[in-house]
Amino acid sequence: MIKLNSSDKDIKQLKRKIASKVRHPYLVRFIPEPTIDEDKLVILSSIMDHTNLTEVKKEQYIITTMLVQIALDTHDLVTLSDEDDDRDIVRSRQLTVLAGDYYSGLYYYLLSQLDDIPMIHTLAGAIKEINELKMELYYKDVESFQEFLEGLKKIESLLIQRVASYVQKTAINDMAGEWLLAKKLLEEKRSYQEGNFSPLIDALIKRPALLGNSGQVLGNIEQMLQSHMHRLEATITQLPVHFNWLKSYMHAAIHHQFNYRQIAEEG
């Protein structure tokens, strides 16, 4: 059992534990192993550090919440096409759906072992709300770019914020929302510029009344990120003193993301 007191070593140990639970010998033959979002893991660990829960429950809550996140992220990877895809693509798509279901089942199994019905209800409610928000964001009309960003921020941070509310530790909710929104925009923008499909940017391009063509979409995202980062850094600075390790981690994460972006753009 990991004694939680957030550090790089603890995070690496948690990542290994999560990876061992989601690794399936059949699935890895056909689809990539799921990505564990380290930033969300760090935020969750910091939340649990400052609760009076037992070490067993802290670790269980972190792992099960991350399994929920992995299940949601895996379902997002499913590609939809009207064309006649070859057998391998169809099989990969089907296995991706099944993988998401498999990861979902894992967290219910782990929570059932802990006999924690209220936590199960918290996570299940968050899943339902996140899926509804995704449907609204990608398939229904939104009136402005700001409304689109607010919806995206909720999708990215709602799971962590619900868990934080459940354990009555909500001091980092604002910071989590601001950072996870910025991180998502950075990742999607970078992926799109590298020639990969971005559901988020595609959804914006298909709504020309909001921003216009792809160049205008990317320009608006860049402008938003520039102003957003100043607000984010102020939010991090305002965190309580006992979150000093998280503050250091977040400042390093921001520096890394922007340096990576600048190097890529200059190259």
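Probe radius 1.4 Å, ligands and nucleic acids left out: which of Asp115, Asp37 has the largest accessible area, and how do the rest follow?
Asp115, Asp37
Lys134: accessible area at probe 1.4 Å, nearest 10 Å²?
Surface open to solvent at Lys134 totals about 30 Å².
Would you please state the base-10 log of I(q)/I(0) at q = 0.12, 0.19 1/Å for the stretch 149-255, with intensities from the Debye formula using one equal scatterer on every alpha carbon?
Scattering profile of the stretch 149-255, log10 relative to I(0): -0.47, -0.99.
Going down the table (Lys57/Lys140; Lys12/Lys153; Lys21/Lys140; Lys21/Lys183; Lys21/Lys206), which pairs top 30 Å between alpha carbons?
The answer is Lys57/Lys140; Lys21/Lys140; Lys21/Lys206.
What order, most packed first, do the peptides 50-63, 139-152 have when packing is the mean number of other Cβ atoms within 10 Å of each residue?
Averaged packing, sorted descending, gives the order 50-63, 139-152.
The values are calculated or read from the model by the stated rules, or taken from the named source; none is laboratory data. What you see is a predicted model; the values in this text were computed from it and never measured. Virtual Cβ from ideal backbone geometry, glycine too; neighbours counted across all protein chains shown. Accessible surface is based on the protein model in full, side chains and every heavy atom, while ligands, DNA and RNA are left aside. Shrake-Rupley method; radii C 1.70, N 1.55, O 1.52, S 1.80 Å.
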